[in-house]
Amino acid sequence: MTDLPLLIRVDGRDRPRLTAELLRLLGDAGAELEDTEQLVVRERLTLDVLVRLPSPDDTVRTAVLAWANGHGLQVDFEQVEARSRRSTLVRHAVTVLGRPLPAAALSAVADAIAATGGNIDRMVRLATEPVTAYDLVVIAGDVEQMRRELGEVARTYGVDVAVQLNGLERRAKRLVVMDVDSTLIVNEVIELLAAEAGRLVEVAAVTGRAMAGELDFEHSLRERVRLLAGLDEAAVARARDQIRLTPGARTFVRTLKRLGFTVAIVSGGFTPFTDWLRHELNLDYAYANTLEVRDGRLTGEVVGPVVDRAGKARLLAEIAAAEGVPLSQTVAVGDGANDLDMLAAAGLGIAFNAKPVVRAQADTTVSVPYLDAILFMLGIRGHDVDRVG
């Protein structure tokens, strides 16, 4: 075999059997295959084949040129290094999504990567609906600086950017735990109940401050629940009937389940709502607070421990342990301050249309109003997504 491998690059309109024919031709010539990669964009093929030839003569090159000419293809040859200097370097996945996602935003992402010593090794489009998403495999320089620079790009262009180690653990995520209010559903369930009780203004004011991290969650929850005292179970049922799923919620859950994920919800809300969601979406786990009921009416009290900020993180750990999933292979999704411990404990914490305090501390953000856009942060491609209503 020759000392240096030969890179053969083929370009042209794609058609069946081109790859098979080229590899057969090289195999018949005694070439030793070292690497190959193929990309098709709008029926235009780029095929790279790296081989070592049995001798340095031009017999193989002549045969490949004749084959390419017969199919109207362009072919280039280049003698390359014996070993790639990139093969042992650490790679990160940079996922960019937006609606829209302009070329200027991707240009700014590429500039930020280069400015921090990184280099894009590969780039693929993940999806065009409901958002446009790209996944970049990056040989990273200063990763923390790159995160900061990409965060500035995200804010400037109104897009979302996630940076993750591009290793087995990214591809091995197996548990997703979500908040409910303003995450899985667009509503705040306590406000639905408050509207039934005629106390919406008072409850909404406390809810806003609690989600922004200005109030202790447990204290604020008990304060709001007391305003619901006397509400009958029929009113609770009417509130439950007003639940509206976040756009893409069914697609998100159904796709995760088909791909073998365990899906759970942990809510600072209440069990009549989370039990219904568990049944409706075929969720694996659902945890929330229990409202005390006597003689068919709410007493204004909560029974048992409150699912608060620390409680959500504890439940994430308990579910992961029950499923035999390391925390590094978990994903948490939330929007409020009471989700922060859970987001920090998970392998990937995602702030979904979140309050500023949450966006600032989460691993990454998703700011488009489609829950299924989170799938692309996990590296899932659009054609693998189960589109449902």
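For the chain, the relative contact order is 15 percent, taking Cα pairs closer than 8 Å that sit 6 or more residues apart in sequence and dividing their mean separation by the residue count.
Residues of segment 109-153 falling in the label zone of Ser84, defined by backbone nitrogen less than 14 Å from a point 7 Å along Cα to beta-carbon, are 119-123, 137-140.
All other residues whose Cβ lies under 13 angstrom from that of Gly70 are scored, Lys and Arg at +1 and Asp and Glu at -1, for a net of +1.
One chain, two ends: Arg244 and Gln361. Fully extended at 0.36 nm per residue, the span grows by 39.4 nm beyond their Cα-Cα distance. In a DSSP loop and with at most 14 other Cβ atoms within 10 Å, the GluC sites (Glu not before Pro) in segment 178-266 are Glu214.
Per-residue extension of 0.36 nm, minus the Cα-Cα distance of Gln38 and Ala114, leaves a gain of 24.8 nm for this segment. Among Leu283, Leu378, Leu22, the largest mean-square fluctuation in a Gaussian network model of the chain, built with springs joining Cα atoms closer than 10 Å, belongs to Leu22.
Taking a Cβ cut-off of under 11 Å around Thr262, the surrounding Lys, Arg, Asp and Glu residues balance to a net charge of +1, with basic ones at +1 and acidic ones at -1. Annotation note: trypsin sites (Lys or Arg not before Pro) in segment 304-389 located in DSSP loop regions with a Cβ neighbour count of at most 12 within 10 Å are absent. When the chain is treated as a Gaussian network with alpha carbon springs shorter than 10 Å, the biggest mean-square fluctuation among Ala172, Ala68, Ala112 belongs to Ala68.
Can you tell me the length gained on complete extension of the stretch Glu223 to Met123, counting 0.36 nm per residue apart and subtracting the Cα distance?
Details: separation 100, 0.36 × 100 = 36.00 nm, distance 5.07 nm.
The span from Glu223 to Met123 would gain 30.9 nm if fully extended.
The lysines within cross-link reach of Lys257, meaning a Cα-to-Cα straight distance under 26 Å and a gap of 8 or more places when in the same chain, are Lys173, Lys312.
Restricting to DSSP H runs of at least four residues, report the calculated mean residue ellipticity at 222 nm for the chain, -39500 (n - 2.57) per run over all residues, nearest 500 deg cm²/dmol.
-11000 deg cm²/dmol
Rounded to two decimals, the Cα-based Rg/Rh of the chain, with Kirkwood Rh, is 1.12. For segment 274-349, averaging the sequence separation of C-alpha pairs within contact (under 8 Å, six or more residues apart) and dividing by the residue count gives a relative contact order of 22 percent. The amide H of Glu34, built 1.01 Å from its N in the peptide plane, has Leu50, Val51, Arg52 as neighbours under 5 Å, considering only residues 5 or more places off or on other chains. Across Val253, Val307, Val225, mean-square fluctuation computed from a Gaussian network of the chain (C-alpha pairs under 10 Å connected) peaks at Val225.
How many percent of the alpha carbon pairs in segment 91-166 exceed a separation of 13 Å?
Of the Cα pairs, 60 percent sit more than 13 Å apart.
The trypsin sites (Lys or Arg not before Pro) of segment 77-160 meeting both criteria, a DSSP state outside H, G, I, E and B (loop) and at most 16 other C-beta atoms within 10 angstrom of the site's C-beta, are Arg83, Arg85, Arg86.
Taking every C-alpha pair closer than 8 Å and separated by at least 6 residues, the mean separation divided by the residue count of segment 91-166 gives a relative contact order of 47 percent. For segment 335-347, putting each phi into the Karplus relation 6.51 cos²θ - 1.76 cosθ + 1.60 with θ = phi - 60° gives couplings of 10, x, 4, 6, 9, 4, 5, 5, 5, 6, 6, 6, x Hz, in residue order, rounded to whole numbers and with x for Gly and Pro. Charge dipole of the chain (Cα centre as origin; +1 on each Lys and Arg Cβ, -1 on each Asp and Glu Cβ, all else neutral): 460 debye, rounded to the nearest 20.
Each value in this text was obtained by applying a stated rule to the coordinates, not by laboratory testing. Quantities reported herein were computed from a predicted structural model and do not represent experimental measurements. A quick note on method: Cβ atoms are made from the backbone with ideal geometry, for glycine too, and the neighbour counts reach across all protein chains shown.
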